[in-house]
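The values are calculated or read from the model by the stated rules, or taken from the named source; none is laboratory data. Just so it is clear, the structure is predicted and the values come from calculations on it, not from any experiment. Don't worry about glycine lacking a Cβ; one is built from the backbone with ideal geometry, like all the others, and counts go over all protein chains shown.
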Amino acid sequence: MKQWIDPVEADAPRDIGSKSTLRPGAQRHYPSDSAFDRIARVVCRAGCLPRKELYESWEMAKRVRSNLRGSRVVDLACGHGLLAYALAVIMPAVSEIIAVDRRLPPSASRLREAMEAEWPELATRVTLHEADIRAFEIRANDIVVCAHGCGTLTDRVMDVALAAGADLAVLPCCADHSRQDDGALSGWVHPDLAIDVLRAVRLGNAGYKVWTKTIDKAITPKNRLLLGRHRHAARVPTASA
Ligand SMILES: C[S@@+](CC[C@H](N)C(=O)[O-])C[C@H]1O[C@@H](n2cnc3c(N)ncnc32)[C@H](O)[C@@H]1O
């Protein structure tokens, strides 16, 4: 007998790693006034991002807010920019959020329009820039974030954040085993894990308080989140939403 799929059930947000695009009709799955549901509805209205991007950005944004401090957020290799916008919403005390990508995809402007329609103040707090990750001078009071910087891109983001003594959160992506140091650990652990372990050690050696966290593997298999807070004597505190 043929199994019919209820269209509402088929569309239900249980598959948080789904690559299908969130469309306006999916707003009904996010009915509350919570920050997450409001962001989710905006993403649905923008109609240009896979569901997994919503959950990925949100999970990373929450952990950044919980652990890092700074007066400015710089999202390097931002792609669509949802991480930057989620941080802008849940960290209202951060006055400036800069999102940078050498090639901003069309989804970035669609998301920007939808976000600014929901939160008009974001038009002045969040700016998108088509530029290289080295185009902006990073400051000690910045929080540098990078979600899924491929291969050595994550390391180059770490370079600029560490050089400035900025707080940092990276969610590394695919590794390039021919170019990245695995510390000869790949006889014991997967080379991707070895590379990320060395990144965490690097952060600790640079004077950072380090957190190694994961986001739900159902969202993405590239789920290791590395956070570092520089042990500056004085930091500008940020208020949580
Ligand atoms: C896998 S995507 C991740 C995008 C986004 N952060 C996300 O989580 O969906 C990697 C992004 O890095 C950007 N990128 C690569 N090299 C870059 C560079 N040197 N400067 C700025 N952006 C770069 C690419 O254009 C691409 O949008």
Note to self: Filter region 181-214 down to the residues that are in contact with a strand residue (DSSP E or B) (Cβ under 9 Å, 6 or more places away or on another chain), surrounded by fewer than 20 Cβ atoms within 10 Å (Cβ to Cβ) and of a type in the set (A, V, I, L, M) and list them by number.
What the structure shows: L193, V197, A200, V201, A206, V210
Check: Do the conditions hold for A169, that is, is it in contact with a helix residue (DSSP H, G or I) (Cβ under 6 Å, 6 or more places away or on another chain), among the hydrophobic types (A, V, I, L, M, F, W, C), buried (at least 20 other Cβ atoms within 10 Å of the Cβ) and at pLDDT below 95?
Finding: no
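Only helices (runs of 4 or more DSSP H) wholly contained in region 1-71 count here; list those with 2 or more residues that are among the acidic types (D, E) and modelled with pLDDT under 95.
7-11
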Next item on the list: Count, please, the residues in region 97-131 that happen to be closer than 23 Å to G70 by Cα, out of contact with any Asp or Glu (no Cβ under 9 Å at 6 or more places or on another chain) and in contact (Cβ under 8 Å) with a residue 12 or more places away in the chain.
Entry: 3
Next item on the list: Write out, first by first residue and then by second, each pair whose Cβ atoms fall under 9 Å of each other, whose residues are 6+ apart or on separate chains, and whose first residue, in region 53-70, is in contact (Cβ under 8 Å) with a residue 12 or more places away in the chain and farther than 17 Å from S34 by Cβ while the second is buried (at least 18 other Cβ atoms within 10 Å of the Cβ) and of a type in the set (K, R).
Entry: N67/R229; L68/R229; R69/R229
Next item on the list: Please name all residue pairs, on different chains or six or more residues apart, with Cβ atoms under 9 Å, provided the first residue is in region 179-200 and is closer than 14 Å to T212 by Cα and the second residue is assigned to a loop (DSSP other than H, G, I, E, B) and aromatic (F, W, Y).
Entry: A194/W188
Note to self: Scan region 52-71 and tell me whether some residue there is within 12 Å of the ligand (Cβ to nearest atom), crowded, with 22+ Cβ neighbours inside 10 Å and of a type in the set (V, I, T).
What the structure shows: no
